[in-house]
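The values are calculated or read from the model by the stated rules, or taken from the named source; none is laboratory data. These figures come from a predicted structure and were not determined experimentally. Cβ placement follows ideal geometry from the backbone for every residue including glycine, while neighbour counts extend to all protein chains displayed.
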Amino acid sequence: MKDSFGKEISRRGFIAKVGQGFVAANVAGIFLKEAVAKEAGVPDSPDKKLGWAIVGLGNLSIHEILPAFAKCEKSKVTALVSGHPDKANRLAQQYGVNPKNIYNYQNYDSIKDNSEVDIIYIVLPNGMHAEYTIRGFQAGKHVLTEKPMANTPEDCQKMIDAGRKAGRKLMVAYRCRYEPYNREAIRIARSGELGPTQVILANNGWRVTDPDQWRLKKDLAGGGSMIERNSCELHFQLWLRRTELLSRDRHKGLARDGARHHLPGIANESSS
């Protein structure tokens, strides 16, 4: 197998490359910057960076999202939303966020008055995605929400409807399909150049160290390994074979397997 530069790569190397990088925030920044410029009817200045509010300062935000934003060329963090003011203040100082742009969950809605925030990134437990996405749209901001989109199809639809009503973009942070090796895998699968897909194997897991963590609470996590941990694998499989799945009208079958709540996100992302 050869990559785009004609160099041979091993299966192990391919897998390693597939797993590298956290690019959702930067990709979404590029995507939404173009949308904002189009709506305004005028081009942005070359040094213009979109401002993001990070809602939820847990491990993902601290160890992956904020460090990734620090390297972004087209986006920057301009606000933080947290229920822990001490943590928020430390991170604001570390990443150059103005202290006046620190919010809590009670005054979150006042972010509508902050012109430094263009997009809100929801990094909360799954069961909270819908509420804070809808409130973000009501504040007039674009929204990127962590995966999975929400716990139920009904909540997903409410999020989509709120975005349409506000005239703002909604995106779910499934990053894998933007990575170069994954994009090539999608192209190969959809083109059929290696024949029809026979089987797709995927796995994901994590070590439970805290029995009280939110992922073990159904109201917050949604319930079940498919909903909480394996949505990435399901999502990427859908994108590998999306044309085939749509042509066969497989949506109802997926719904019966408890995965229906992912499909509105896919439909919304592809139409945005």
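If you take just the strands (runs of 3 or more DSSP E) that sit entirely in region 70-159, which of them hold at least 1 residues that are basic (Lys, Arg) and assigned by TED's automatic domain parsing to the domain that holds residue 60?
Ranges flagged: 75-81.
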Residues of region 117-129 satisfying the condition of being under 22 Å from residue 59 (Cβ atoms) and either among the small types (Gly, Ala, Ser) or touching a Ser or Thr at 6+ places or on another chain (Cβ under 7 Å) (or both): 122, 123, 127, 129
Got a sec? Which helices (runs of 4 or more DSSP H) wholly within region 162-242 have at least 3 residues that are out of contact with any Lys or Arg (no Cβ under 8 Å at 6 or more places or on another chain) and of a type outside the set (Gly, Ala, Ser)? 180-191, 218-221, 231-240
Could we say that residue 66 is within 17 Å of residue 143 (Cα to Cα) and either in contact with a His (Cβ under 9 Å, 6 or more places away or on another chain) or modelled with pLDDT of 95 or more (or both) here? yes
Kindly indicate whether any position in region 92-105 is under 16 Å from residue 137 (Cα atoms) and touching a Gly at 6+ places or on another chain (Cβ under 9 Å). yes
Pull out all pairs, ordered by first then second residue, where Cβ-Cβ is under 9 Å, the residues are six or more apart or on different chains, the first lies in region 155-172 and is within 12 Å of residue 143 (Cβ to Cβ) and at pLDDT 95 or above, and the second is surrounded by 21 or more Cβ atoms within 10 Å (Cβ to Cβ) and among the charged types (D, E, K, R). 162/168; 163/169; 166/141; 168/141
Matching residues, region 160-185, being within 16 Å of the chain's Cα centre (by Cα) and hydrophobic (A, V, I, L, M, F, W, C): 160, 170, 171, 172, 173, 176
